[in-house]
Amino acid sequence: DQQVKQNSPSLSVQEGRISILNCDYTNSMFDYFLWYKKYPAEGPTFLISISSIKDKNEDGRFTVFLNKSAKHLSLHIVPSQPGDSAVYFCAATGGGGADGLTFGKGTHLIIQP
Amino acid sequence: DTAVSQTPKYLVTQMGNDKSIKCEQNLGHDTMYWYKQDSKKFLKIMFSYNNKELIINETVPNRFSPKSPDKAHLNLHINSLELGDSAVYFCASSRLAGGQETQYFGPGTRLLVL
């Protein structure tokens, strides 16, 4: 039972354009959402997060939007750069305590020159 | 300096063997985790330790036993390895326990059971 879903296994975007990565979740207890970026043969690296009390969080070129009613979040990268090519994981947690993260399967973003 | 390190990076072994994966963090964090990424690429939490005490133990076979000798180390011992244990195992740490604490991941240990 996938509680966090990333339905696009891959996404190809031209350099300089906007990349939009989507994520859906089913567990209403989730109250904190994160995006991680992963290069081959490396561990995931934290990118940006958002609390359920907000609907938007911005950090430089990266913006995460949260739509709680739709149980949907998205990561916008603008402008996209070649170094952004990586696998992006959406993750969620909730309920407090030493929560492990629940991850989606990831979306492989390819930035084309 | 690597913040979260794991050894070995690759591990190839036969079914039935016992093996250990070591994890160390030099961030001064209180909480450490083990995740498993299976062949379908899902990253799933296995264990969480806070100040050397077990906090989370997901539905993991008891052949898997985490051991935390101190706050900076969380090792994973696996007994009687099975083919299905083949996966990438990631260690992570966070400053404190709590879902909103950023988790920092190690580079992963690629385990192949033959």
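Where a number appears in this text, it was derived from the coordinates with a stated rule and is not lab data. For clarity, every value in this text was computed on a predicted model and none was experimentally measured. Because the Cβ atoms are built from the backbone with ideal geometry, glycine has one as well, and the counts that use them run over all protein chains shown.
Tell me the Kirkwood radius of the stretch A:1-74: reciprocal of the mean inverse pair distance over distinct alpha-carbon atoms, in Å.
So the Kirkwood estimate lands at 13.5 Å.
Which of the aspartates and glutamates could a cross-linker bridge to A:Lys54, judged by Cα under 12 Å and excluding same-chain residues fewer than eight apart?
Counting by Cα, and skipping residues close in sequence, A:Lys54 has these aspartates and glutamates nearby: A:Asp31.
Compute the label zone of A:Arg17 within the stretch A:54-79: residues whose backbone N is under 16 Å from the point 7 Å along Cα-to-Cβ.
A:76-79
Could you name the aspartates and glutamates whose alpha carbon sits less than 15 Å from that of B:Lys36, not counting residues in the same chain fewer than 8 places away?
B:Lys36 reaches A:Glu42, B:Glu58, B:Glu82, B:Asp85.
With unit charges on the beta carbon (Lys/Arg positive, Asp/Glu negative), name the residue among B:Thr31, A:Leu109, B:Phe105 whose Cα is farthest towards the positive pole of the charge dipole of the protein assembly as shown.
A:Leu109
Which whole-Hz ³J(HN,Hα) couplings does the stretch A:37-43 yield from phi under the Karplus relation 6.51 cos²θ - 1.76 cosθ + 1.60, θ = phi - 60°, glycine and proline marked x?
Couplings: 10, 9, 8, x, 6, 10, x Hz.
With +1 on the Cβ of every Lys and Arg and -1 on the Cβ of every Asp and Glu, and nothing else charged, how large is the dipole of the protein assembly as shown about its Cα centre, in debye rounded to the nearest 20? Intermediate results must be reported in sequence, preceding the final value.
Numbers: 23 positive and 21 negative charges, 64 e Å.
Roughly 300 debye for the protein assembly as shown.
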